[in-house]
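The next block holds one structure in the form of structure tokens; read it before the comments.
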Amino acid sequence: MSKQIPAVLLLVVLLIGNVWADGSAKSGYEFIKAETRAMQDDDMQNPGFIAVEEGRGLFNKSPASGKSCASCHGEAGEKLAAKNLARYPIYDKAQGGIVRLQDKIKTCREKQSGESALLANHHELIALETFVRHLAFGEPVNVQTDGEMADVLKKGQEMYNVRYGLIDMSCAHCHDRYPGQMIRGQKISQGQGNGFPAYRLDIGEMTNLDQRIQQCLTLMRAEPFDADSEEIKLLGAYVMSRSNGLKIETPAVRY
Ligand code: HEC
Ligand code: HEC
């Protein structure tokens, strides 16, 4: 019982409160508890740094036959430009359309380092994604919004506004209308992407943006889209574009 939110109750809870109507983008950081913020801000306490360090190790590891990431991108990844990293996901027709940071890492890992393929959201890919994204810490998110990306974001926005699952709500219901409202002891935020990959205290795991979206779909009692589906890429791209201008916090700490 406690794990399931009755739809009616949820709606009642959400409809009582006042509607938050300030149009500006706010990081999830502004909605978490003071002690969670303190944990995020302290590199020694922030559990996300375990993933950063694991990613750093993988980045510097030489594969049996092939080159380490570090051999091309620098030991600390210093040859990767933070400004470029802040642009992900990008659109590249030659690479099959939407390219998430983890897709780019995966391709480099296979084609340049000569490693075998890993499934999307594999533990090692998330560690690498966390390490690489952390290189752009403090850089404002800067997803392209024109050109071919315009169409991608339009589709993503449509999906964001569609109702899913047994609770029959859209992403926008919670994250556009009700930020600041409490749900199960948590404050609903704008659902921004600038903190990801982030450490989730609730499940005790690093979570990238796609996984967080999948977790929300589960919360909505909908069937989550697959890790490599076009749907999850469209939603992820749209969510990240809403975060344009917000500083990258990876690794953020979230409940
Ligand atoms: C043999 C050299 C080489 C190795 C090894 C290599 N890369 Fe790359 N990487 C490149 C080149 C060249 C590019 C730029 C061309 C492209 O986008 O594919 C690139 C692009 C990237 C980008 C995109 C940067 C941007 O500005 O958009 C990321 C992220 C990246 N690599 C991560 C990795 C990681 C992580 C590994 C190890 C798993 C790795 N690379 C291994 C050569 C390498
Ligand atoms: C019933 C309400 C609800 C719905 C509907 C919902 N979410 Fe969430 N979402 C939450 C809660 C609660 C959290 C955790 C607290 C927070 O950051 O809002 C969360 C967190 C997030 C976060 C992480 C924000 C951060 O800074 O850590 C993202 C991104 C997100 N949701 C995206 C989505 C997307 C995309 C959809 C639609 C597929 C969706 N959510 C639907 C309730 C909802």
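Of CYS72, CYS216, the order by accessible heavy-atom surface (1.4 Å probe, DNA, RNA and ligands excluded), from most exposed downward, is CYS72, CYS216. Counting 0.36 nm for each residue step from ARG184 to GLU124 and taking away their Cα separation leaves a gain of 18.5 nm. Ordered by solvent-accessible area of protein heavy atoms (1.4 Å probe), largest first, the residues ARG37, ARG109 come out as ARG37, ARG109.
Rounded to whole numbers, the Karplus 3J(HN,Hα) couplings from phi for region 167-175 are 7, 6, 10, 9, 4, 4, 3, 7, 8 Hz, using 6.51 cos²θ - 1.76 cosθ + 1.60 with θ = phi - 60°, and x at Gly and Pro.
I need the calculated FRET efficiency for the pair SER116 and GLU205, taking r as the beta carbon distance and R₀ as 25 Å, to the nearest 0.05. The computed FRET efficiency comes out at 0.60. Here the label points at ALA34 and ALA172, each 7 Å from Cα along the C-beta direction, are separated by 3.7 nm in the simple model.
Kirkwood Rh over Cα pairs of the chain into Stokes-Einstein at 4 °C, 1.567 mPa s: D in µm²/s? Value of D from the Cα-based Kirkwood radius: 69 µm²/s. Relative to the current alpha-carbon distance between LYS61 and THR107, full extension at 0.36 nm per residue lengthens the span by 14.9 nm. Between helix 101-111 and the chain, what is the angle of the helix's C-alpha long axis to the longest principal axis, kept within 0 to 90° and rounded to the nearest 10? Compared with the principal axis, the helix lies near 30 degrees.
For ILE248, nonlocal amide neighbours, meaning residues 5 or more places apart or on other chains whose placed amide H falls under 5 Å from its own, are GLY138, GLU139, VAL141. The angle between the Cα long axis of helix 7-16 and the main principal axis of the chain comes to about 80°, on a 0 to 90 degree scale. Cross-link reach is defined here as a Cα-Cα straight distance under 24 Å, omitting same-chain residues fewer than 8 places apart; for LYS33 the lysines meeting it are LYS3, LYS187, LYS247. Computed from Cα atoms, the angle from the helix 123-134 axis to the main principal axis of the chain rounds to 90 degrees.
Within the assembled protein chains, the solvent-accessible surface assigned to THR107 is about 50 Å², based on a 1.4 Å probe.
Calculated on the alpha-carbon coordinates, the convex hull of region 48-134 measures out at 94 cubic angstrom per residue.
Pick from ALA76, ALA34, ALA127 the residue whose mean-square fluctuation is largest in a GNM of the chain, springs joining Cα atoms under 10 Å. Of the options given, ALA34 has the highest mean-square fluctuation. Per residue, the chain exposes 51 Å² of solvent-accessible protein surface, assessed with a 1.4 angstrom probe and all protein chains in place.
Distant-in-sequence amide contacts of MET206, defined by a placed amide H-H separation under 5 Å and a gap of 5 or more residues or a different chain, comprise ARG200.
A Gaussian network model of the chain, with springs between Cα atoms under 10 Å, assigns the largest mean-square fluctuation among ASN60, ASN142, ASN244 to ASN60.
Comparing mean-square fluctuations of MET240, MET169, MET206 from a GNM of the chain with C-alpha springs under 10 Å, the top value falls on MET169.
For the pair TYR255 and ASP41 in one chain, pulling the backbone fully straight at 0.36 nm per residue adds 75.6 nm over the alpha carbon distance. Residue by residue, region 25-35 carries 3J(HN,Hα) couplings of 6, 10, 5, x, 3, 6, 10, 7, 5, 4, 6 Hz when phi is fed to the Karplus relation 6.51 cos²θ - 1.76 cosθ + 1.60 (θ = phi - 60°); x denotes Gly or Pro. Summarising the amide proton neighbourhood of ILE183: residues at separation of 5 or more, or on other chains, whose placed amide H is nearer than 5 Å comprise ILE188.
With contributions of -39500 (n - 2.57) from each DSSP H run of at least four residues, the per-residue ellipticity at 222 nm computed over the chain stands at -11500 deg cm²/dmol.
The values are calculated or read from the model by the stated rules, or taken from the named source; none is laboratory data. None of the values given here were measured: they were computed from a predicted structure. Glycine gets a Cβ as well: all are built from the backbone with ideal geometry, and neighbour counts include every protein chain shown. When the accessible area is computed, the model is the full protein with side chains, heavy atoms only, and any ligands, DNA or RNA have been set aside. Shrake-Rupley method; radii C 1.70, N 1.55, O 1.52, S 1.80 Å.
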